[in-house]
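K.L.:
Mind having a look at this structure? Questions to follow.
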Amino acid sequence: MRDSWDFGLKSFIVLSTLALAACTGEGEDAGDDATESASSTNASSVTVSGSSSSSTTGMSMGGTETTTAGTMSASDSMGTTDATTTAGTEVSTTEVSSTDATDATTEGTTTETAECGNGVQEPGEQCDDGNGDPGDGCEPDCTLTPSECGNGIQEPGEQCDDGNDVNGDGCENNCTNTPPPACVNEETAVKCDANVTEWYKAIEIGCSADPNETVVITDQNLASNNPNAWRIAKGFGTYHQNNDPNMPLLYSPRGGESFLMVSTGVIAQPDGMGVVIENNNQDGNGDNGNDDSNSLPAPMSANKGSNNGQGGTPFMNCDGVNDCSDSLYDAWNLGTGDPNDKLTFTFKAMVPDNVESYSFNFAYFSSEWPTWVDTVFNDLFIAWQVSEAYTGNVTFIGDAPLTVTSLDPYLSTDGYSNNEPQLQGTGFTGHAGSDWFGANQNVVGGEVLWMTFMIADMGDSILATMTIVDNFHWNCEACIPADDPKCTGEVPDPNCCGVIEPQ
C-alpha cells in the first residue's frame with residue numbers, strides 16, 4: 001500500500017514539473033527528469049542547462065533534492081531567496097543599484113595611418129613632397145633633410161648660411177648669426193661716409209642712433225666763417241703708397257671712404273674722384289677769415305691741470321678743468337697766446353658701458369716748417385677731452401702738444417719734408433707733413449665724453465697749417481699710460497695713450 005502511495009506521489013511531482021515547464025514554453029527542451037533522494041538538510045539545489053541557481057529555504061520538501069534539465073522558476077516564500085535561469089540567461093529578483101552596474105556600449109574605433117609619399121603632410125610627418133627623392137628638403141621617410149651649413153642656402157634650423165666658414169662676418173661657421181660685439185669698435189662700427197656733407201660722418205661718428213653701430217653723438221658743431229677752410233675728401237695729394245700707381249694714395253681714408261680736412265687757410269675743391277689736389281704752394285695761403293681772438297675755445301685751457309691744478313705730475317690727480325697733460329702751457333706761451341684763423345669742431349658722446357677708450361687718426365702739414373720752428377709762429381692742433389678718466393689735451397707727444405716746434409725732430413727725419421715725393425700735390429712741397437698718426441685716450445663707461453678739436457695759426461695769419469682727421473672709434477680695452485715703459489721706449493706700443501708716431 002505504501003509503495004503504491006509513493007509511486008503516485010512521485011508521478012504527481014513529475015507531472016507537475018512537466019506542466020510547469022510547458023507553461024514556460026520550454027517543455028520540449030527540458031529533457032528527461034531525474035529524481036534523486038537526498039538527506040533532509042533544508043537545502044535544495046537546482047541545475048538548469050548547465051547554469052546553477054541556489055535557493056536557501058527555511059524548510060525541506062520532504063527531504064528531496066530535485067534536479068531539472070531546462071528551466072526552473074522559483075518565487076520567494078517564507079524568507080526564501082530564489083533565482084530563475086531561462087535558456088542560459090540568469091534573471092534575479094534582487095535589485096542592484098545603478099552605482100553597482102554599468103551598461104556600456106563600445107563602438108569600433110578606426111585609426112588612420114599617414115601615407116608617406118602621397119604629397120599631403122599628415123599627422124606624424126615632418127613633410128611630404130610626394131616624390132620620395134632624398135636630399136631635396138624632404139626625405140623618402142617624410143622627415144626633413146638635415147641642413148648643410150656652408151652651402152649658401154638657408155635651410156630649416158639655420159639662422160643664416162653665407163656659404164663660407166668665416167666667423168664674425170654676420171654669419172658664423174655654424175650657421176648662427178654673429179652675436180653683437182662686446183663693444184662697438186673699429187672693426188664692428190658701421191661706416192656712413194661714402195657720400196656725405198656732414199663733417200662728423202666723415203670721421204665715422206654719428207652714423208645712427210644705435211650705440212651698437214656707431215659713436216652716438218649730440219651737440220655736434222663745426223665753427224668756421226669760411227666754408228672753404230674745411231673739406232670732406234676721399235684722398236689728398238698725388239703720391240701713391242710705395243710709389244706704385246696701382247696702390248691707394250698715401251693719404252687715403254683710415255676708415256670708411258672719406259676724411260675731414262681743416263686748415264688755417266683755405267682748401268681746394270675735391271676733383272671728380274673726391275681727391276683734393278693743391279697745385280699752389282701753401283706759402284701764399286693765409287687768412288681764412290675765422291676768429292682771431294686771443295683765447296682758447298671752451299672748454300680748453302692752457303693752464304696745467306695735474307697735481308690738483310699745481311702741475312708737475314702730468315696725468316696725476318687731475319683737477320678736472322685744466323690740462324692734465326701739462327703740455328699746452330709752454331707752447332701757448334711760446335705763441336704769446338695769440339691764436340688766429342681758429343677753426344673748431346666739437347661733439348658730445350655717451351660712452352657705452354663696456355667701452356674703455358677711443359682712438360682716431362690724423363696727419364699734420366705746415367708751411368711754417370722749417371723757417372719758423374721755435375718761434376712765436378708755432379701753429380698748433382689740439383684735441384681736448386672732458387672725461388671722468390682724464391681732462392686735457394689728447395694730442396701730445398712726450399711733454400709737448402702737436403705744433404711745428406714739437407714735431408720738428410720727427411718731420412726732419414721720419415716725416416716728409418722739403419721735396420720728398422710724398423708731398424706731391426699737397427701744396428706743402430718745400431715744407432713738411434707727417435704720415436698718419438694715431439691718438440688714444442681712456443674714458444669711463446656710462447659717462448658723457450666731450451670732445452673739442454682746434455687748429456690755429458699762432459702769432460699771425462699768413463702761412464697755412466692743415467690737419468686731416470679720420471676714423472674716430474671706441475675701443476674695448478684701455479690705452480696704456482704714457483709714462484709706462486711700453487710707451488717711453490724707442491718703439492712705443494700702438495695702444496699707448498697720447499699720440500703714436502708711425503713706425
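K.L.:
Gly438 - would you say it is surrounded by fewer than 22 Cβ atoms within 10 Å (Cβ to Cβ) and in a strand (DSSP E or B)?
P.N.:
yes
K.L.:
Taking the options Gly289, Gly272, Gly320, name whichever one is outside any strand (DSSP E or B), within 30 Å of Val184 (Cα to Cα) and not basic (Lys, Arg).
P.N.:
Residue meeting the stated conditions: Gly320.
K.L.:
Scan the stretch 446-469 residue by residue and report those that are farther than 26 Å from Gly335 by Cα, open to solvent by 30 Å² or more (accessible area, probe 1.4 Å) and in a loop (DSSP other than H, G, I, E, B).
P.N.:
Gly446
K.L.:
Could you check the stretch 420-453 and list, in sequence order, the residues that are of a type in the set (S, T, N, Q) and more than 17 Å from Ile277 (Cβ to Cβ)?
P.N.:
Ser434, Asn440, Gln441, Asn442, Thr452
K.L.:
Only residues that are under 21 Å from Ser406 (Cα atoms) and either of a type in the set (A, V, I, L, M) or under 43 Å from the mean Cα position of the chain (by Cα) (or both): list them for the stretch 309-330, please.
P.N.:
Pro314, Phe315, Asn322, Asp323, Cys324, Ser325, Asp326, Ser327, Leu328
K.L.:
How about the stretch 215-264: which strands (runs of 3 or more DSSP E) wholly inside it have at least 2 residues that are more than 24 Å from Lys342 (Cα to Cα)?
P.N.:
235-240, 249-251
K.L.:
Restricting attention to the stretch 192-203, and to residues there that are out of contact with any Pro (no Cβ under 9 Å at 6 or more places or on another chain) and assigned to a loop (DSSP other than H, G, I, E, B), which single residue is surrounded by the fewest Cβ atoms within 10 Å (Cβ to Cβ)?
P.N.:
The qualifying residue surrounded by the fewest Cβ atoms within 10 Å (Cβ to Cβ) is Thr197.
K.L.:
Could you tell me which residue of the stretch 242-253 is least open to solvent (accessible area, probe 1.4 Å), considering only residues that are polar (S, T, N, Q) and either in contact with a Phe, Trp or Tyr (Cβ under 6 Å, 6 or more places away or on another chain) or more than 26 Å from Trp199 (Cβ to Cβ) (or both)?
P.N.:
Asn243
Residue-by-condition table, conditions (1) on the phi < 0 side of the Ramachandran plot; (2) modelled with pLDDT of 95 or more; (3) open to solvent by 50 Å² or more (accessible area, probe 1.4 Å):
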| position | (1), (2), (3) |
| --- | --- |
| Asn294 | yes, no, yes |
| Met300 | yes, yes, no |
| Cys318 | yes, no, no |
| Asn322 | yes, yes, no |
| Thr336 | no, no, yes |
| Ser366 | yes, yes, no |
| Pro370 | yes, yes, yes |
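K.L.:
Please list, ordered by first then second residue, the pairs with beta carbon atoms under 6 Å, 6 or more apart or interchain, first in the stretch 198-226 and in contact (Cβ under 8 Å) with a residue 12 or more places away in the chain, second outside any loop (DSSP other than H, G, I, E, B) and among the charged types (D, E, K, R).
P.N.:
Ile203/Asp470; Thr218/Lys348; Asp219/Lys348
The values are calculated or read from the model by the stated rules, or taken from the named source; none is laboratory data. Small disclaimer: the values here were computed from a predicted structure and weren't measured. Here the Cβ is made from the backbone with ideal geometry for all residues, glycine too, and neighbour counts use every protein chain on show. The protein model used for the area step is the full one, side chains on, heavy atoms only, and it has no ligands, DNA or RNA in it. Shrake-Rupley method; radii C 1.70, N 1.55, O 1.52, S 1.80 Å.
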